[in-house]
1. D for the range 95-187, whole µm²/s, Stokes-Einstein with Kirkwood Rh over alpha-carbon pairs at 20 °C and 1.002 mPa s: what number?
2. Residues in the range 180-209 near a label at GLN51, defined as backbone nitrogen under 11 Å from the 7 Å Cα→Cβ point?
3. Could you work out how much longer the chain between SER92 and ASN65 gets when fully extended? Use 0.36 nm per residue separation minus the Cα distance between them, nm to one decimal.
4. Counting only the backbone N, which residues of the range 161-178 are under 15 Å from the spot 7 Å out from the Cα of CYS207 toward its beta-carbon?
5. What Kirkwood hydrodynamic radius do you get for the range 67-144 when you take the inverse of the mean 1/r over all pairs of distinct Cα atoms, in Å?
6. From the phi of every residue in the range 171-188, what ³J(HN,Hα) in whole Hz does the Karplus formula 6.51 cos²θ - 1.76 cosθ + 1.60 yield, where θ is phi - 60° and glycine or proline is x?
7. What are the ³J(HN,Hα) values, in whole Hz, obtained from phi via the Karplus relation 6.51 cos²θ - 1.76 cosθ + 1.60 with θ = phi - 60°, for each residue of the range 116-122 in sequence order, with x given for Gly and Pro?
8. What order, most packed first, do the peptides 40-48, 168-176, 102-110, 68-76 have when packing is the mean number of other Cβ atoms within 10 Å of each residue?
Amino acid sequence: MARFSSSLVLTLLCVAALLCMSVARKERSLGRGGYNHGPSVSDILASKEFQVAAGTAWKESFLENDLYQEKGGWVYADSNNPDNNLVVQLASPQRSTQATQSTEIELDNPEKDGVPTAEGSNYVVVADFHTHPFPGQERPDAKDLRKAYERGVPAIVVSCSGVFYYGPQSRDSLDGSAGYPQTSSEQYNGQKEVRFGDNTVDSEGYCKP
């Protein structure tokens, strides 16, 4: 009887150890906040990485001779180590054109040349953003709103009227494509953008009357 009890105890201990290992692996794969989804758009907006990149994009949106150019890029998070800092990839200049009245930036097919590729890392797009430097065209338009839900990640617009976000609140899953997941549990049904706050990256004073 004692031999049977010892064997049973040993089996139970092995099962418990396997369960602990499984939970640990699962926890390592979870995204920020303890879930297997991307960081929330509010977390992204508050991050230092986004603030720095948005400031650079905003400054580069204002050119000489009253020319403007929309700038932007993509926010990446490491699905294998979600506690790491975010990484922001700025879009190449060829993604948009210079103009005096209206232009737009092409953010399909995200670039990744500035994203870490160290062994064990797996960075995926968790948001995109762009600037609206033109006076009178400072909020996301209908195309912007629809695109965000189609791409499956939050989107952000920086303008003189403030910082706006729209689309899904976060990427549903950090698994899958490194680019846009092209799917979201949140569908577009006419939702409007939300104003997050003032433009705090206008260090050059472009928004002054």
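1. The calculation lands on 149 µm²/s.
2. From the range 180-209, the list is 200-201.
3. 7.6 nm
4. Within reach of a label on CYS207, which here means backbone N under 15 Å from a point 7 Å along Cα→Cβ, the range 161-178 contributes 161-165.
5. 13.8 Å
6. Here the 3J(HN,Hα) series is 5, 4, 9, 7, 7, x, 4, 6, x, 5, x, 6, 7, 7, 6, 9, 9, 7 Hz.
7. x, 10, 4, 4, x, 9, 8
8. Those peptides, ordered most packed to least, come out 68-76, 168-176, 40-48, 102-110.
The values are calculated or read from the model by the stated rules, or taken from the named source; none is laboratory data. Remember, predicted model here, so these are calculated numbers, not experimental data. All Cβ positions, glycine included, derive from the backbone under ideal geometry; neighbour counts span all protein chains shown. Quick note on the areas: whole protein, heavy atoms, side chains included, nothing else; ligands and nucleic acids left out. Shrake-Rupley method; radii C 1.70, N 1.55, O 1.52, S 1.80 Å.
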